1. To make sure I understand, if each residue's beta carbon is the centre and we count other beta carbons within 10 Å, what order do 31, 306, 248, 9 fall in, fewest to most?
2. With angles folded into 0 to 90 degrees, how steeply does helix 122-143 sit against the dominant principal axis of the chain? Use alpha carbons for both and round to 10.
3. Specify the angular offset, from 0 to 90 degrees and rounded to the nearest 10, of the alpha carbon long axis of helix 77-86 from the longest principal axis of the alpha carbons in the chain.
4. Plugging the Kirkwood radius over Cα pairs into Stokes-Einstein for the range 60-151, at a temperature of 25 °C and a viscosity of 0.890 mPa s, what D comes out in µm²/s?
5. Sort the range 167-350 into rounded, prolate or oblate with this rule: let a ≥ b ≥ c be the square roots of the eigenvalues of the Cα gyration tensor; rounded if a/c is under 1.5, and if a/c is not under 1.5, prolate when a/b is larger than b/c, oblate otherwise.
6. Would any residue of the range 250-290 have its amide N under 17 Å from a label point 7 Å out along Cα→Cβ of residue 170? List them or say none.
7. Quick check: pseudo-label points 7 Å beyond the Cα along Cα→Cβ at residue 158 and residue 58, how many nm apart are they?
8. What ranking of 85, 344 emerges when the number of other C-beta atoms within 10 Å of each C-beta is taken as an exposure proxy, fewest first?
């Protein structure tokens, strides 16, 4: 192969392949273009991508509405709300009123460049473009509309730098939580020592904690989503966790038991609020920020407690499979790549074990 999707054939010609719809069995079908050189085939592929197509009569906005309706039965309400937000804020202003036939690769690449210049992260812009690509995959499958944007080059994602507290700062936070025991401190301690997500923490009820077996069960998560066609802009929803693997049982460490027993209440009450109404994730984040400030600690995101838990577990010798299940991850690779951070102290400790062979 001398170029992307361009091959040198045995007869001396070059062949380029472009995806062109789907077969009856759902598998993609391809269209081949030929030329005497790779450059000629590449030019033909580019011309085909930019060749004006016959109007479909279907705008991107209309396509989105139809697509959402088609997937609504198998996608969580919160996911649909997230798609709507991205579409209304980013896709509709740029492409919403355009006929699907008018959308080209250069248009989408320009859109990506502008969004990155406006300060959006490569990961977030990629999520927006993946949404747009999903629309056109649907249009190609249902209406045989040529999916030209399948060849859009996605922005290169950078691994986010997660700031976590140092060992000394962790001890400082631990001392603060012990000396200022309330339900907010309990929530922070639960995330520090079990790794549960903030939405899972806010949805946690006393009925989810088995004191006899010393097991915490993650059954729900909480989040605020945007409303459609309503006088209210948003609403609070409590749903099943992020994925099937997120539903899990976590053994409660001894250090948390006494604090949990101190605040124990009716099974239907939420742990953080001590009533039938939950504390919102955003409220918990504000409270955490205030505690960090009062304890004279650096400002870190609440989610960093989950990263901190994972890194500490690895340092203590946890096997990655066990840690991955405690965190509710679908794969061990996700645990290693996203949640395990080595401190300089840990790196130095390992490096000092290296000696010259005698």
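1. 9, 31, 248, 306
2. Computed tilt is about 50 degrees.
3. That helix lies at roughly 60 degrees to the long axis.
4. D, rounded to a whole number, is 182 µm²/s.
5. Rounded, because the longest to shortest axis ratio a/c is under 1.5.
6. Output list for this probe position: 253-256.
7. Distance between the two pseudo-spin positions: 3.8 nm.
8. The fewest-first ordering by Cβ neighbours comes to 344, 85.
Quick note: the coordinates plus some simple rules give every number you see, no bench work behind them. What you see is a predicted model, and the numbers here were worked out from it, not measured in a lab. Heads up, the Cβs are rebuilt from the backbone with ideal geometry, glycines too, and the neighbour counts pull from every protein chain shown.
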